[in-house]
């Protein structure tokens with residue numbers, strides 16, 4: 001099954017649909033069923049002590065999963081997150097971007113399942129792992 | 001087991017430790033093992049269409065769990081979220097605040113477990129449910 | 001929305017569809033969106049020390065959720081578990097049955113979401129909490 | 001960090017601590033932070049239609065995680081599952097064994113986190129994915 005959107009197309013889509021946050025994310029690598037995306041950490045993502053906040057880590061995991069799914073099914077804004085599980089495992093490095101490495105482990109007709117590991121740039125031990133499920137709109141309906 | 005912090009003390013703690021986001025949250029009700037907190041929805045929490053973003057819902061669930069735990073153990077900033085599971089069930093109402101109703105279902109020596117339902121104000125069907133686990137610092141260590 | 005199956009009908013359905021395990025479970029209480037079911041603990045559910053095994057607790061949570069959903073949608077064997085999250089919080093009592101108290105928090109067209117607390121009989125502190133999501137077959141298809 | 005138990009030692013431990021179920025599982029591959037274990041599917045694991053039951057899949061995920069953790073910390077029976085998340089993604093093949101491929105993504109002082117994909121033998125698409133967290137006993141205490 002081939003990619004329906006490449007990194008450039010995902011970039012354009014993100015800018016259009018999530019203009020408030022699109023510039024926080026950078027697509028690093030895209031393959032079939034696999035995507036890496038970075039969160040460019042800014043002040044607003046930080047908690048006291050310089051660590052990246054939980055909601056920011058959630059947002060990164062969600063964007064990684066969403067773009068991974070869209071790359072395979074095309075630009076369907078109606079795909080919605082239905083379930084997310086996250087383990088926060090280590091404190092992110094202060095002042096380092098985060099990278100989510102997302103794997104699409106199921107792409108069904110109505111549900112897609114992804115899992116990812118999230119790293120501080122330059123560190124080989126993950127700061128978090130997450131799994132996300134998306135409910136997919138019926139084929140033919142696109143937004 | 002009695003409350004170690006009341007709503008006013010939680011309010012002061014939140015303002016000190018999370019000054020960036022503290023004013024987004026309002027404590028509605030506090031009892032032993034039970035807490036309700038509102039997210040005062042602003043533009044920055046919204047996605048196109050007026051719905052509240054996933055990261056904002058995560059943030060609300062996390063704050064509800066955190067304050068619920070702290071009310072029982074006292075002001076220990078070192079309590080950290082280790083696991084979170086969320087089901088996103090319905091689209092939040094546009095332009096309505098969200099309320100998380102959080103239940104503390106385990107308070108052990110090293111782990112605390114909470115679960116919550118999240119509602120749009122004025123709606124009886126929950127928009128999300130979440131469970132969060134916190135790792136607690138050894139007694140005596142406080143930050 | 002009214003019940004489509006009462007406790008007796010659920011009992012018959014369970015006996016027919018899961019004959020291997022049906023006699024391990026007893027329906028205690030059934031209301032709209034709420035069900036209590038007991039696991040009658042036998043030797044095969046135990047681990048060394050007399051504690052109930054994890055798979056047995058999972059099985060109870062799954063049966064509770066399944067029957068809760070079926071009571072509202074009717075006898076559709078094709079409803080399948082798609083996601084489950086469990087927190088194991090306390091060691092179950094030796095030689096005591098377990099009771100799951102299951103709440104149906106969403107009943108949509110294609111997904112149903114439940115959550116439950118599980119108790120050892122006679123103990124007010126839960127041994128586990130669980131959330132389960134079911135994928136529902138399109139209306140009209142029944143098995 | 002080197003292995004503290006090899007496959008043979010894990011085998012002996014499993015036979016001693018879980019004699020009721022030990023013969024259902026076979027260790028296939030063991031490396032640092034990585035383990036593959038098979039569930040040798042028998043009648044008792046099946047549901048009508050020949051598919052493997054949910055509790056059996058849970059049991060496999062749990063054993064895989066447990067052995068993966070023990071291989072690194074030694075034979076500590078007191079390590080207990082505190083959290084588990086599972087996505088059931090595809091129907092297992094009838095009459096085929098299952099293999100869990102488990103990755104240890106965090107080994108901390110008090111918590112270990114694993115994730116696994118589970119496959120029907122001979123199929124490259126996973127039937128399930130799971131994440132499990134273990135609470136570890138303080139060093140020095142062994143059972």
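What to note about this one:
- Residue of chain B nearest the B-to-C rotation axis [by Cβ], rounded angstrom distance: B:85, 2
- Angle between chain D longest axis and helix D:54-73 axis [Cα atoms, degrees, rounded to 10]: 30 degrees
- Exposure proxy ranking, count of Cβ atoms within 10 Å, fewest first, for B:53, B:71: B:53, B:71
- Distance from the alpha carbon centroid of region D:35-96 to that of region C:83-120 works out to 19 angstrom.
- According to the Kirkwood relation over distinct C-alpha pairs, the hydrodynamic radius of region D:62-143 is 13.4 Å.
- For residues of D:110-123, the mean tally of beta carbons on other chains within 10 Å: 2
- Cβ crowding within 10 Å ranks A:24, C:26 as C:26, A:24, fewest other Cβ atoms first.
- Take the convex hull of the alpha carbons in chain B; its mean projected area over all directions comes to 8.0 nm².
- Taking a point 7 Å from the Cα of residue A:109 along the Cα-to-Cβ direction, the residues of region D:53-90 with backbone N closer than 19 Å to it are D:88-90.
- Enclosing the Cα atoms of the protein assembly as shown in their convex hull gives a volume equal to 150 cubic angstrom per residue.
- Ranking of B:109, B:93 by count of other Cβ atoms within 10 Å, fewest first: B:109, B:93
- Relative contact order of chain C, pairs being alpha-carbon contacts under 8 Å that are 6 or more residues apart, as %: 25 percent
- In the protein assembly as shown, helical runs assigned H by DSSP with n ≥ 4 each contribute -39500 (n - 2.57); averaged across all residues and rounded to the nearest 500, the mean residue ellipticity at 222 nm is -7000 deg cm²/dmol.
Rule-based calculations on the coordinates, nothing more; no lab input. Keep in mind that this is a model prediction, so the values were computed, not measured. Neighbour counts are summed over all protein chains in view; Cβ atoms, including those assigned to glycine, are modelled from backbone coordinates with ideal geometry.
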